[in-house]
Amino acid sequence: MEKDKINYETSESVSQKYKKRSQLAEIWHNFKKNKGAVIGLILLVTIIVVAIIANSTIDYNKIIKHDVTLRLKSPSLEHPFGTDQYGRDIYLRILYGARYSLSIGFAAVFVSLAIGGVLGIIAGYYGGSIENIIMRICDVFSSIPSLLLAISVSTAFGAGTFVLMFSVGLVSVPAFARVARASVMTVVDSEFIEAARAAGATKSRIMFTHILPNSFAPIIVQATMRVGSAITMASSLSFLGLGIPAPAPEWGGILSESRSFIRDYSYMTLFPGLAIVITVLSINLIGDGLRDAMDPKLKR
């Protein structure tokens, strides 16, 4: 009898524990089960911390100043990643350049989310001719190769940080619009939406107060996955000379300046390339983990 009572109390306490867990806590609980996602999160946090520290401790003039006496030095204790053709320390340039790549990646996704998310919500909620117009415009943009569209925008408005953010962000607008539209369509006919309409809520209030919070999970996952693509595309544009102008140490720009020396001084392209790969990989691992944690169908 006493043993049954203990088992009952134990099961009741476990039940209460899971009942009290919020939705955010549940997502974090499922996210932690994915070891790859946790490793990706640790890597990304480390890169962000390094970027913040480098931004406040490294003198910008030091990483752009030419010193021909240190030209093309191989990796050593004094210069862990070696020096470039101008005698600049590649290690310091990569550390400082993390702020450019990360800020461009996140800002570009914010642009995509702001434009594409709003268009998708409007299309999914209103439907009809409004939906057809928005989706057909997205189809037109989707028919243009992503890199070609980004190159066209960057060429039209000139190289620069904000232009780079906008051009890279514009590429992903159709994808966000489709995801947002599909998410909205799954909840737009729900009972709580009908109750909000019956209570006299305005359409804008219904869209952004009731529909958006209940359809945000796929959009968040899409945003996370797109950050890595944005960083890669921004680096590609900088490599082509359409990104942040030199001598700013953006990773794609460092690769572009070093490509002439890849045969004899391969370290000049190896380390910035690894920085891009590791950063994009960590973000993609986090995206995979979030997708599994936020999708009830994928819970084990």
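In this structure, does I52 turn out to be in a helix (DSSP H, G or I), surrounded by 16 or more Cβ atoms within 10 Å (Cβ to Cβ) and either of a type in the set (A, V, I, L, M, F, W, C) or under 29 Å from the mean Cα position of the chain (by Cα) (or both)?
no
Do we find that V14 is at pLDDT 90 or above and either closer than 24 Å to L237 by Cα or assigned to a helix (DSSP H, G or I) (or both) in this structure?
No: the conditions fail for V14.
State whether the residues of region 77-97 include one that is touching a residue at least 40 places away in the same chain (Cβ under 8 Å) and exposed (fewer than 14 other Cβ atoms within 10 Å of the Cβ).
No: zero hits.
Does region 103-111 contain any residue that is in contact with a Pro (Cβ under 7 Å, 6 or more places away or on another chain) and over 17 Å from V184 (Cβ atoms)?
Checked region 103-111: no residue is in contact with a Pro (Cβ under 7 Å, 6 or more places away or on another chain) and over 17 Å from V184 (Cβ atoms).
Any residue at all in region 55-67 that is within 28 Å of L170 (Cβ to Cβ), surrounded by fewer than 16 Cβ atoms within 10 Å (Cβ to Cβ), in contact (Cβ under 8 Å) with a residue 24 or more places away in the chain and not hydroxyl-bearing (S, T, Y)?
yes
Within region 178-192, does at least one residue satisfy the condition of being part of a loop (DSSP other than H, G, I, E, B), surrounded by 19 or more Cβ atoms within 10 Å (Cβ to Cβ), hydroxyl-bearing (S, T, Y) and at pLDDT 85 or above?
no
Has region 23-43 got any residue that is polar (S, T, N, Q) and at pLDDT 90 or above?
No: region 23-43 contains no residue that is polar (S, T, N, Q) and at pLDDT 90 or above.
Identify, from the list S282, S236, S258, the residue that is surrounded by 20 or more Cβ atoms within 10 Å (Cβ to Cβ), out of contact with any Ser or Thr (no Cβ under 9 Å at 6 or more places or on another chain) and either of a type in the set (G, A, S) or under 19 Å from I58 (Cβ atoms) (or both).
Matching residue, one of S282, S236, S258: S236.
From (1) touching a residue at least 40 places away in the same chain (Cβ under 8 Å); (2) of a type outside the set (V, I, T); (3) surrounded by fewer than 13 Cβ atoms within 10 Å (Cβ to Cβ), pick out the condition that doesn't hold for G128.
Single failed check for G128: (1).
For the subset of region 286-300 comprising residues that are at pLDDT below 65 and in a loop (DSSP other than H, G, I, E, B), which member is surrounded by the most Cβ atoms within 10 Å (Cβ to Cβ)?
K299
Residue-by-condition table, conditions (1) outside any helix (DSSP H, G or I); (2) touching a Lys or Arg at 6+ places or on another chain (Cβ under 8 Å); (3) among the β-branched types (V, I, T):
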| site | (1), (2), (3) |
| --- | --- |
| R205 | no, no, no |
| T209 | no, no, yes |
| G243 | yes, no, no |
| A246 | yes, no, no |
| L255 | no, no, no |
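Identify, please: which residue in region 244-273 is closer than 20 Å to N55 by Cα and out of contact with any Phe, Trp or Tyr (no Cβ under 8 Å at 6 or more places or on another chain) and is, among those, modelled with the highest pLDDT?
In this case the residue turns out to be I254.
Take the residues of region 158-177 that are within 9 Å of G116 (Cα to Cα) and small (G, A, S): which is surrounded by the fewest Cβ atoms within 10 Å (Cβ to Cβ)?
Selected residue: A175.
The values are calculated or read from the model by the stated rules, or taken from the named source; none is laboratory data. These numbers come from a predicted model, not from an experiment. Don't worry about glycine lacking a Cβ; one is built from the backbone with ideal geometry, like all the others, and counts go over all protein chains shown.
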